[in-house]
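These notes are about the structure you will find just below.
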Amino acid sequence: MRLTGRFGRFGGCYVPEILVPALEQLEAAFLEAQEDPEFAAELNGLLANYAGRPTPLTRCRNLPSNIYLKREDLLHGGAHKTNQVLGQALLARRMGKTRLIAETGAGQHGVATAIVGALLGFETVVYMGAEDVERQQLNVFRMQLMGARVVAVESGGRTLKDAINEALRDWSASFETTHYLLGTAAGPHPFPTIVREFQRVIGREARAQVIEQLGRLPDMVVACVGGGSNAIGLFADFIGDEGVRLVGVEAAGRGLDGEQHGATLLRGTAGILHGAETYVLQDADGQIADTWSVSAGLDYPAVGPEHAHLKDSGRAQYVGATDAEALAAFRALAEGEGILCAFESAHALAHALKLARAEPESAILVGLSGRGDKDVAQAQQLLRASA
Amino acid sequence: MSRYAAMFERLGSEGAFGAFLMLGDPDLETSARLLDAVVEGGADMIEVGIPFSDPVADGPVIQAAAKRALAAGVRVVDCLRLLSEFRSRHGDVPVGILTYANIVMARPGLMQEAAEAGVDSLLIADVPSLEAEPFARAMMQSGIDPVLIAAANTPDATLARVGRLSKAYTYCVSRVGITGTHAGGEFDAGLIERLGRAGSPPPIFGFGISRPEHVRAALKAGAKGVICGSAIVDLAARGADVTELVRSLKAATRNDSVPQ
């Protein structure tokens with residue numbers, strides 16, 4: 001490896017020896033591509049003319065007007081995921097791979113991978129926990145419509161982390177022809193770095209847009225954190241701006257005092273899962289805990305290693321929003337601004353609403369990472385149940 | 001002399017046969033009995049898994065074994081007790097643990113406790129040689145031999161590091177994939193040769209050993225031994241006697257064993 005793959009003490013490359021050559025090949029391809037103007041031109045062309053970048057920055061009109069929304073919900077595919085699947089798929093083609101595999105929880109990353117599979121002509125296989133397959137039939141069908149094969153994973157708890165395990169197992173036998181298109185800024189080096197660099201465009205655009213609209217930098221940047229790809233993409237260009245507070249919002253689920261949450265940075269301890277040293281929700285023996293969140297995208301027992309470092313170094317602050325707070329923010333955004341956002345993004349908004357009221361003079365940039373179409377049926381059930 | 005060194009010396013040109021079992025599968029009592037059964041069948045060395053909830057390097061058979069153990073409530077401390085009791089019954093059989101990094105990280109005293117339980121080596125499936133240095137140092141300080149994996153696709157520069165860090169033996173993988181992968185009876189003699197040049201400890205083939213002809217093919221490729229895991233664990237899971245399988249595989253490690 002040419003890079004260390006470390007963020008402070010976190011990160012690294014904890015995979016079976018057999019996968020190390022595949023990760024070395026990926027790192028080399030990525031570093032070469034970063035130096036290649038043709039790669040940048042093709043990626044930027046796809047981002048602009050296929051995916052719809054730049055995405056707008058919307059200042060709230062009826063919610064507190066010191067909130068600025070970075071609208072990744074308007075990206076093709078309906079979430080920020082498309083940014084980095086385009087980048088990784090171009091790397092896969094560069095390495096001569098013909099097959100893509102991916103994991104997915106609720107299906108957003110699976111859909112994004114199916115999109116690039118169709119666009120760039122890869123055979124695409126998406127691993128999805130059997131329980132998630134049952135809960136997210138519509139996304140399964142979306143992937144199938146675009147030619148991807150969806151494999152229901154029956155091992156373990158039959159959810160996202162098991163889908164990642166199964167994708168890693170597939171890759172251990174298939175890396176010569178196959179690229180593992182990991183969906184977030186987690187996993188073994190070089191994935192956290194690659195995914196951050198392909199998501200960095202979110203913060204780069206938002207920083208320029210805030211300066212243009214407001215004439216200065218925002219005071220706070222707020223994003224939800226599951227694996228952490230949209231947050232790291234939004235944060236990356238602000239890390240050097242010392243006066244800008246970075247706030248990551250984790251899923252507090254049914255409350256941080258119980259066990260039904262996905263708040264890895266707030267309640268986890270250092271461990272090694274899916275290739276990286278990071279914070280992990282686990283028991284005293286190191287067995288990985290079951291997690292819970294109303295939003296499947298935040299329902300993950302580890303977190304990207306750079307967030308672990310940003311927390312420990314104090315550069316970013318991490319807080320939680322409960323299911324109920326997220327649902328309230330989801331409604332408030334729909335009623336106030338006419339925007340249906342993803343439940344994941346509603347966690348960021350829930351915390352931003354608290355900040356906006358407490359500090360009305362502060363400008364708050366919020367990552368609206370995805371649109372809420374996928375969550376509408378669930379919202380209907382939840383709101384009926386609570387009515 | 002370490003138990004591994006003594007075993008290789010005793011065996012001379014005969015291949016070592018290692019049997020793998022998941023500790024606590026399906027429960028502690030049965031697990032203790034299975035450990036004895038493979039020794040009775042003639043296993044020269046024992047490899048044991050400490051169950052982990054997310055075993056990415058394992059195929060369906062070993063995954064299921066870990067799941068059964070965890071479902072039975074087996075804790076790491078129970079595994080250590082099983083090993084210490086095994087050691088009191090079998091003083092000379094080398095014992096190696098095969099587990100995952102998070103289990104090791106979660107219990108800072110694990111290597112010391114394992115050494116006290118009579119464990120001889122430790123292989124961490126998701127710690128490649130790139131990350132192995134601090135783990136290997138901690139093992140050596142506790143009196144446990146690090147074992148690293150060498151695969152057919154591992155480049156020479158990495159094999160040199162594997163050779164330097166691995167002490168008891170080198171765990172060789174002929175084919176890409178996960179445990180339980182069929183090697184189709186093919187074992188990479190080139191890997192053994194390259195390991196020899198890297199000055200590594202005795203190479204032992206794991207992955208894809210389920211029949212006597214696999215054992216013979218692996219030894220013919222130059223290995224000093226073999227480890228059989230999934231076939232034994234699968235048989236045990238169906239409630240069958242594992243002693244006979246071990247006996248037939250062990251027989252194939254002997255020089256005078258006749259191919260059938």
message: Yes or no: the range A:245-265 includes at least one residue that is modelled with pLDDT of 95 or more, part of a helix (DSSP H, G or I), away from chain B (no Cβ under 14 Å) and open to solvent by less than 10 Å² (accessible area, probe 1.4 Å).
response: yes
field: Leading residue by the ranking (most open to solvent (accessible area, probe 1.4 Å)) among those in the range A:31-55 that are in a loop (DSSP other than H, G, I, E, B) and in contact (Cβ under 8 Å) with a residue 60 or more places away in the chain
entry: A:PRO54
- prompt: Taking B:ASP92 and the conditions (1) surrounded by fewer than 24 Cβ atoms within 10 Å (Cβ to Cβ); (2) in contact (Cβ under 8 Å) with a residue 12 or more places away in the chain; (3) outside any loop (DSSP other than H, G, I, E, B), which numbered condition does it fall short on, given that it satisfies the others?
  reply: (3)
field: Test set (1) part of a helix (DSSP H, G or I); (2) among the aliphatic types (A, V, I, L, M); (3) within 14 Å of another protein chain (Cβ to nearest Cβ); (4) open to solvent by less than 10 Å² (accessible area, probe 1.4 Å) - A:ILE194 fails condition number
entry: (3)
message: Looking only at the range A:56-110, filter to residues that are under 20 Å from the mean Cα position of the chain (by Cα), in a loop (DSSP other than H, G, I, E, B) and modelled with pLDDT of 95 or more; which one of those is surrounded by the fewest Cβ atoms within 10 Å (Cβ to Cβ)?
response: A:PRO56
message: I'd like the full set of residues that are within 12 Å of another protein chain (Cβ to nearest Cβ), closer than 23 Å to A:GLU134 by Cβ and not hydrophobic (A, V, I, L, M, F, W, C), limited to the range A:160-188.
response: A:LYS161, A:ASP162, A:ASN165, A:GLU166, A:ARG169, A:ASP170
message: Need pairs with beta-carbon distance below 6 Å; first residue closer than 10 Å to B:PRO26 by Cα and within the range B:60-76, second part of a helix (DSSP H, G or I) and among the β-branched types (Val, Ile, Thr); sequence gap 6+ or separate chains.
response: B:ALA65/B:VAL233
message: Looking at the range B:147-158 only, could you name the residues that are surrounded by fewer than 23 Cβ atoms within 10 Å (Cβ to Cβ) and not in a loop (DSSP other than H, G, I, E, B)?
response: B:ASP156, B:ALA157, B:THR158
- prompt: Only one of these conditions is not met by B:ALA223: (1) in a loop (DSSP other than H, G, I, E, B); (2) away from chain A (no Cβ under 14 Å); (3) open to solvent by 20 Å² or more (accessible area, probe 1.4 Å). Which number is it?
  reply: (3)
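Can you pull out every residue in the range B:1-16 that is over 16 Å from B:GLY222 (Cβ atoms) and not in a helix (DSSP H, G or I)? Give the derivation first.
Restricting attention to the range B:1-16, the residues satisfying the condition of being over 16 Å from B:GLY222 (Cβ atoms) are B:1-7, B:9-10.
Residues satisfying the conditions are B:MET1, B:SER2.
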- prompt: Would you say B:ALA6 is within 14 Å of chain A (Cβ to nearest Cβ), touching a residue at least 24 places away in the same chain (Cβ under 8 Å), hydrophobic (A, V, I, L, M, F, W, C) and more than 21 Å from B:SER210 (Cα to Cα)?
  reply: no
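Conditions (1) part of a helix (DSSP H, G or I); (2) under 19 Å from A:ASP283 (Cα atoms); (3) within 14 Å of another protein chain (Cβ to nearest Cβ); (4) touching a Leu at 6+ places or on another chain (Cβ under 7 Å), marked per residue:
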site	(1), (2), (3), (4)
B:ILE103	yes, yes, yes, no
B:GLN112	yes, no, no, no
B:ALA115	yes, no, no, no
B:GLY118	no, no, no, yes
B:LEU122	no, no, no, no
B:VAL127	no, no, yes, no
B:PRO134	yes, no, yes, no
B:MET139	yes, no, no, yes
query: Taking the range B:176-192 on its own, how many of its residues are surrounded by 22 or more Cβ atoms within 10 Å (Cβ to Cβ), more than 10 Å from every other protein chain (Cβ to nearest Cβ), hydrophobic (A, V, I, L, M, F, W, C) and in a loop (DSSP other than H, G, I, E, B)?
result: 1
Single residue of B:ALA57, B:ALA65 found to be assigned to a helix (DSSP H, G or I), open to solvent by less than 30 Å² (accessible area, probe 1.4 Å), within 14 Å of another protein chain (Cβ to nearest Cβ) and under 27 Å from A:ILE272 (Cβ atoms): B:ALA65
message: With within 14 Å of chain B (Cβ to nearest Cβ), out of contact with any Gly (no Cβ under 8 Å at 6 or more places or on another chain), of a type in the set (D, E, K, R) and at negative phi as the only criterion, which of A:ARG9, A:ARG53 stands out?
response: A:ARG9
query: Does the range A:131-138 include one or more residues that are more than 14 Å from A:THR82 (Cβ to Cβ), open to solvent by less than 10 Å² (accessible area, probe 1.4 Å) and at pLDDT below 95?
result: yes
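Does any residue of the range B:200-213 turn out to be open to solvent by 20 Å² or more (accessible area, probe 1.4 Å), over 21 Å from B:VAL162 (Cβ atoms) and either touching a Phe, Trp or Tyr at 6+ places or on another chain (Cβ under 9 Å) or aliphatic (A, V, I, L, M) (or both)? Give the steps one after another, and end with the answer.
The first filter runs over the range B:200-213 and keeps only residues open to solvent by 20 Å² or more (accessible area, probe 1.4 Å), leaving B:200, B:202, B:207, B:210-213.
Pick out the ones that are also over 21 Å from B:VAL162 (Cβ atoms) and you get B:210-213.
Okay, now just the ones that are also either touching a Phe, Trp or Tyr at 6+ places or on another chain (Cβ under 9 Å) or aliphatic (A, V, I, L, M) (or both), so none.
Within the range B:200-213, none of the residues are open to solvent by 20 Å² or more (accessible area, probe 1.4 Å), over 21 Å from B:VAL162 (Cβ atoms) and either touching a Phe, Trp or Tyr at 6+ places or on another chain (Cβ under 9 Å) or aliphatic (A, V, I, L, M) (or both).
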message: Of everything in the range A:338-369, what is assigned to a helix (DSSP H, G or I) and either open to solvent by less than 10 Å² (accessible area, probe 1.4 Å) or small (Gly, Ala, Ser) (or both)? Give them in sequence order.
response: A:PHE343, A:SER345, A:ALA346, A:HIS347, A:ALA348, A:LEU349, A:ALA350, A:ALA352, A:ALA356, A:ALA358
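Being at pLDDT 95 or above and crowded, with 21+ Cβ neighbours inside 10 Å is the requirement here; does A:VAL151 meet it?
On the way: at pLDDT 95 or above: yes; crowded, with 21+ Cβ neighbours inside 10 Å: no.
Criteria not met by A:VAL151.
Does A:LEU234 satisfy the criteria of being at pLDDT 95 or above, under 24 Å from A:GLU359 (Cβ atoms) and in a helix (DSSP H, G or I)?
Working: at pLDDT 95 or above: yes; under 24 Å from A:GLU359 (Cβ atoms): yes; in a helix (DSSP H, G or I): yes.
Here the answer is yes, as A:LEU234 does meet what is asked.
The values are calculated or read from the model by the stated rules, or taken from the named source; none is laboratory data. Quick caveat: nothing in here was measured; it's all calculated off a predicted structure. Here Cβ is always computed from backbone atoms with ideal geometry, including for glycine, and neighbour counts include all displayed protein chains. Note: areas computed on protein heavy atoms with side chains; ligands, DNA, RNA excluded. Shrake-Rupley method; radii C 1.70, N 1.55, O 1.52, S 1.80 Å.
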